[in-house]
Amino acid sequence: MDKNSAAIAALNDRLRTTFEKAAGQVVLTQGIASLPEHNQAAILSLVRCFNDFTRGNDPYGEHDFGQVEHGGHKAFFKIDCYDTSMQWASPDPTDPSLTVRVMTVMLAREY
């Protein structure tokens, strides 16, 4: 993992583990939102605690994708880094002043 990847991973981890508004935005797809609240809560808790990053699921070391399962539901989370206008990719995902992070939590079947 290079210096930039480590910085991006730390920022992505902050959003994923805290859901802090200052760290970025969390979006639930229609599939996740349609689950009973207890299933949603369990899936989001698993996302927050996820730490099984491997070369296979995290080849760039940025902690931007993962998979969790609960109650027969397989879910993915994906973190994308946009510029502050939210129209393009961030010019520097290591710089929070230039980046809006968006974590989408979705059912695997919605991918």
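The values are calculated or read from the model by the stated rules, or taken from the named source; none is laboratory data. The structure presented is a predicted model; accordingly, all values stated were derived computationally and were not measured. Glycine gets a Cβ as well: all are built from the backbone with ideal geometry, and neighbour counts include every protein chain shown. For accessibility, only protein heavy atoms count, side chains too; no ligands or nucleic acids. Shrake-Rupley method; radii C 1.70, N 1.55, O 1.52, S 1.80 Å.
Summarising the label geometry, the points placed 7 Å from Cα in the beta-carbon direction at Phe19 and Lys3 lie 3.5 nm from one another. For region 100-111, 3J(HN,Hα) computed residue by residue from phi via the Karplus equation (6.51, -1.76, 1.60; θ = phi - 60°) reads 10, 8, 10, 9, 9, 10, 9, 6, 4, 5, 8, 6 Hz, glycine and proline entered as x. Applying 1/(1 + (r/R0)^6) with R0 = 25 Å to the Cβ-Cβ distance of Tyr60 and Gln30, what FRET efficiency is obtained, to the nearest 0.05? Efficiency for this residue pair is about 0.30. Here each label is just a point 7 Å from Cα along the line to Cβ, and for Ala10 and Asp95 those points are 1.7 nm apart. In loop segments of region 1-91 as defined by DSSP, the chymotrypsin sites (Phe, Trp or Tyr not before Pro) with at most 12 further C-beta atoms inside 10 Å of their C-beta are Trp88. Relative to the longest principal axis of the Cα atoms of the chain, helix 37-49 runs at roughly 40 degrees.
By DSSP, the beta bridges lying fully in the chain are antiparallel in about 80 percent of cases. To test your reading of the geometry: what angle, between 0 and 90 degrees and rounded to tens, separates the Cα axis of helix 3-18 from the longest principal axis of the chain? The helix 3-18 is inclined about 40 degrees to the chain. For region 1-59, the fraction of 1.4 Å probe accessible surface lying on carbon and sulfur atoms is 51 percent.
Taking all protein chains as they are arranged and a probe of 1.4 Å, the heavy atoms of Leu44 leave approximately 30 Å² accessible to solvent. For the chain, the alpha-carbon coordinates run over 37, 31, 23 Å along the three principal axes, in decreasing order.
Over the chain, give the accessible area per residue in Å² for a 1.4 Å probe, as an integer. Don't skip to the answer; put the middle values down first.
Values: 6510 Å² over 111 residues.
Result: 59 Å² of accessible area for each residue.
A Cβ-based charge dipole, computed about the Cα centre of the chain with Lys and Arg at +1 and Asp and Glu at -1, lands at about 220 debye.
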